[in-house]
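Here is the structure we will look at.
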Amino acid sequence: MKPHTPAIGVLALQGAFDVHALRLAELGADATLVRKPGQLAELDALVIPGGESTTFLKHLERSGFYEALNEFVHSKPVFGTCAGCILLASEVTNPHQRSLGVLDIDVERNAYGRQNDSSILTTETSLPGGPLEMVFIRAPRITRIASGIQVLARRDDSPVLVRQGRILASTFHPELSDDPRVHQLFLDIVQSSTT
Ligand code: GLN
């Protein structure tokens, strides 16, 4: 039997969604842009892209999307990048804001100051295949992680790519580098939780 191709949504309310969808499609996934809460029912997994988490929250709350998304992230594989990571966290500071609380980490928004607003670093990762390029744009810093969460890459001493079971999160933008390993890891997580 042909393996089931998981349906992966990319939340497309705001921010950097197109490039995620493109990358997922290049890796053979069935990627859909998600603009309405009703679409979630047809999906096996979801990417919450980078952007501005406060703007995401406004859109989500206005359209009755927040509750549907909350339910989804508590049961299906989800990959949050940058603002997406902020939305998934337990606690958000600088300033405090509402979050889905499905990933047991605390994050500080815009934590690298104006000088380092955006930067591209290449560092070690525990993903196979050597160092990983990471594009940071007004990135948050993960200031606490629960024990048992897997740290796959760090910037200085802070985790920047973490996995808690079916939840994957990065404080950088893997869709902006040519390296497909982070998206591939998410597809592997999705595949193993849908089979
Ligand atoms: N600074 C944004 C926020 O706090 C995140 C930036 C990003 O997603 N690139 O929501």
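Throughout, read-outs are computed from the coordinates displayed, never taken from laboratory work. Quick caveat, the model's predicted, so the values are computed rather than measured. Cβ sites come from the backbone with ideal geometry, for glycine too, and all protein chains shown count toward neighbours.
Filter segment 116-156 down to residues that are among the hydroxyl-bearing types (Ser, Thr, Tyr) and assigned to a strand (DSSP E or B) and give me whichever is nearest to the ligand (Cβ to nearest atom). Here the residue is Ser118. Residues that are farther than 17 Å from Pro77 by Cα and of a type in the set (Asp, Glu) within segment 1-42 comprise Asp18, Glu26, listed in sequence order. Filtered by the rule that a residue be surrounded by fewer than 18 Cβ atoms within 10 Å (Cβ to Cβ) and of a type outside the set (Lys, Arg), segment 150-168 gives Gln150, Val151, Asp156, Asp157, Gln164, Gly165. Here Val107 meets each of (1) under 20 Å from Leu69 (Cβ atoms); (2) in contact with a Cys (Cβ under 8 Å, 6 or more places away or on another chain); (3) outside any strand (DSSP E or B) with one exception, condition (3).
Take the residues in segment 61-84 that are more than 17 Å from Leu185 (Cβ to Cβ) and under 16 Å from the mean Cα position of the chain (by Cα), then tell me which one is nearest to the ligand (Cβ to nearest atom). Applying the filter and picking the extreme gives Ala83. Residue by residue through segment 85-104, note down the ones that are assigned to a loop (DSSP other than H, G, I, E, B) and within 15 Å of the ligand (Cβ to nearest atom). Result: Asn94, Pro95, His96, Gln97, Arg98, Ser99, Leu100.
Residue selection: Ile167 fails the criterion of being within 16 Å of the ligand (Cβ to nearest atom) and either under 17 Å from Gly84 (Cβ atoms) or within 14 Å of the chain's Cα centre (by Cα) (or both).
Residues that are touching a residue at least 24 places away in the same chain (Cβ under 8 Å) and within 16 Å of the ligand (Cβ to nearest atom) number at least 2 in the following strands (runs of 3 or more DSSP E) confined to segment 1-59: 7-11, 45-48. The condition (being touching a Gly at 6+ places or on another chain (Cβ under 7 Å), among the small types (Gly, Ala, Ser) and surrounded by fewer than 17 Cβ atoms within 10 Å (Cβ to Cβ)) is satisfied by just one residue among Ser90, Ser63: Ser90.
Scanning segment 98-122 for residues that are surrounded by 14 or more Cβ atoms within 10 Å (Cβ to Cβ) and among the β-branched types (Val, Ile, Thr) returns Val102, Ile105, Val107.
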